[in-house]
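Below: the structure, in structure tokens.
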Amino acid sequence: MKKIIALLAALLVSVTSVFAFDPSVGLWKSIDDKTGKITAIWNIYEKNNMLFGTIAAVVDNPQDVIASACKKSYKDFPVAGNVNEMKTVGTPWIYNMKRESEGSWSKGSIIDPGSGKMYGCVIKYLSAGQKNKGFTAKEPTLAMAGTFGPIKVFQYWVRATEADVASVQAQFPAKGN
């Protein structure tokens, strides 16, 4: 009987871990730290034990805008083709992030599709009340940093919903290029 209970407990733990997901995963609103305005809604997802991020909806541009400011290629970019011909929405601008611990990722890259600049990337999930570099999260927040060597510049992103994505897409529809 003890063996059956132990087996069931082990099975429950393994099933639970299969369906567990990192708190960084999901939809997030990127917010300009100077203006406080939403710049985009990102879909952060895990694939092959790495973290990636695509823009689900872009603000102040049509949804089919091309990232023409980008270079033709970038080191280890996860999608084949000319990056400067890809749409801003749906392309993995955050890629190859490696897990440090639950909710903490580093050693990946982020490309700003508006400028074409590539940076190192660090992402840390903060629950309400958690602190990062003098910032205290009032709600679930992603502390997202572009890095250049030892320098980290953080932005703080807040949760978004599918309704937020639909709203931004409706405000800034595709032009049909």
note = Filter the range 118-130 for residues that are in a strand (DSSP E or B) and hydroxyl-bearing (Ser, Thr, Tyr); the one that is surrounded by the most Cβ atoms within 10 Å (Cβ to Cβ) is Tyr125
query = Taking the stated definitions as given, is Lys133 modelled with pLDDT under 95, touching a strand residue (DSSP E or B) at 6+ places or on another chain (Cβ under 7 Å), among the basic types (Lys, Arg) and open to solvent by 60 Å² or more (accessible area, probe 1.4 Å)?
reply = yes
query = On the given criteria, is Phe148 among the aromatic types (Phe, Trp, Tyr) and open to solvent by 80 Å² or more (accessible area, probe 1.4 Å)?
reply = yes
query = Looking at the range 49-72, which of its residues are of a type in the set (S, T, N, Q) and either in a strand (DSSP E or B) or at pLDDT below 95 (or both)?
reply = Thr54
message = Among the listed residues Lys138, Lys175, identify the single one that is assigned to a loop (DSSP other than H, G, I, E, B), surrounded by fewer than 18 Cβ atoms within 10 Å (Cβ to Cβ) and without any contact (Cβ under 8 Å) to a residue 12 or more places away in the chain.
response = Lys138
ask   = Hey, any hits in the range 98-117 for a residue that's under 17 Å from Phe148 (Cβ atoms), more than 13 Å from the chain's Cα centre (by Cα) and exposed (fewer than 14 other Cβ atoms within 10 Å of the Cβ)?
value = yes
ask   = Does the range 77-90 include one or more residues that are aliphatic (A, V, I, L, M), open to solvent by 40 Å² or more (accessible area, probe 1.4 Å), over 19 Å from Val153 (Cα atoms) and modelled with pLDDT of 95 or more?
value = yes
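The values are calculated or read from the model by the stated rules, or taken from the named source; none is laboratory data. What you see is a predicted model, and the numbers here were worked out from it, not measured in a lab. Every residue, glycine as well, gets a Cβ built from its backbone with ideal geometry; the counts of neighbours run over all protein chains shown. Just so you know, the surface numbers come from the protein's heavy atoms only, side chains and all, with ligands and any DNA or RNA stripped out. Shrake-Rupley method; radii C 1.70, N 1.55, O 1.52, S 1.80 Å.
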